[in-house]
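Data first, discussion second: the structure below is written as structure tokens.
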Amino acid sequence: MDNTKTQFINDEEEDALWEEFKKTKSDSLRDKIIRKYMPLVKYVAGKVSVGLPASMEFDDLVGFGQFGLLDAISKYDLDKKVKFKTYAVTRIRGAIFDEMRQLDWVPRSVRQKSREIEDVISGLESKLSRPATDEEIAKEMNLSVEEYQHTVMKISGTSVLSLNDVWYSGDDSDHLSIGDSIESPQSLNPDVQVEREEIRKVIIQAINELPEKEKMVIVLYYHEDLTFKEIGQVLDVSESRISQLHSNANLHLRAKLTNFRKGIF
């Protein structure tokens, strides 16, 4: 298990540090917080880098993630009783994906194939009123199950980005990632907060409807912060199989959210 994940837990100084920083906004305390949590940036960057093209340098991901750490430090609200590490992971990951979007690193053909599968799943599930199986999706696409699963593997490198695409709610200044169920800024008006809560409910229901192994992959990856390799050890399957399960789960979740956006749910 990566020690980076555990060194932030049960730190007796953490709350006192944040209390003091909240009162003073001291530059020296801010620098201390940055140094304390820089290993977290490297850890998140390492998770994101799995499956990405070699052209995407790890150091670049770390650099992108640093912006997320700074954003998390400036926006963290101690009164919400959420550990900073938990909050920061979402911000760091989001900052990395934001930069990757701007670079448009996903090949157009892969993006199109991903959207094609999402459209098929969305259509099938709105018609069936239940999650579509791999067999049903493959049949709809005129593919064998093996061909469909191979296609999912080809797009697996983009699936982490897919799950962290933002869902805009209210105005352009507010966004909620599919993997984010933590933040609910007090500045949002009641209507927007209600919409965000509805989106969370859809995400939770969609995750609960996934096949058991896919659900476990999503929970272990996004909530327990395990890597694909670690999840493979837990489930006793290969890392590539975890990548496939993760991609398949993402496609189903995005299709569910597409139907929700269209009012088909």
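Scan the range 209-243 for residues that are polar (S, T, N, Q), modelled with pLDDT under 85 and open to solvent by 40 Å² or more (accessible area, probe 1.4 Å) and report the count.
Looking only at that region, the number is 1.
Does at least one position in the range 17-39 carry a residue that is under 20 Å from Asp225 (Cα atoms), in a loop (DSSP other than H, G, I, E, B) and not assigned by the TED database to the domain that holds Met153?
Within the range 17-39, not a single residue is under 20 Å from Asp225 (Cα atoms), in a loop (DSSP other than H, G, I, E, B) and not assigned by the TED database to the domain that holds Met153.
Rundown of residues vs (1) touching a Pro at 6+ places or on another chain (Cβ under 8 Å); (2) crowded, with 17+ Cβ neighbours inside 10 Å; (3) under 28 Å from Gln66 (Cα atoms), yes/no style:
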| residue | (1), (2), (3) |
| --- | --- |
| Ala95 | no, yes, yes |
| Gln112 | no, no, no |
| Arg115 | no, no, no |
| Ile121 | no, yes, no |
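Checking the structure you have, find out if any residue of the range 99-114 is without any contact (Cβ under 8 Å) to a residue 12 or more places away in the chain, in a loop (DSSP other than H, G, I, E, B) and at positive phi.
Yes, some residue in the range 99-114 is without any contact (Cβ under 8 Å) to a residue 12 or more places away in the chain, in a loop (DSSP other than H, G, I, E, B) and at positive phi.
Consider Leu40 carefully, then state whether it is out of contact with any Gly (no Cβ under 6 Å at 6 or more places or on another chain) and at pLDDT 90 or above.
Judged against the criteria, Leu40 is a match.
The values are calculated or read from the model by the stated rules, or taken from the named source; none is laboratory data. Note that this is a predicted model, so its numbers are computed, not measured. A quick note on method: Cβ atoms are made from the backbone with ideal geometry, for glycine too, and the neighbour counts reach across all protein chains shown. When the accessible area is computed, the model is the full protein with side chains, heavy atoms only, and any ligands, DNA or RNA have been set aside. Shrake-Rupley method; radii C 1.70, N 1.55, O 1.52, S 1.80 Å.
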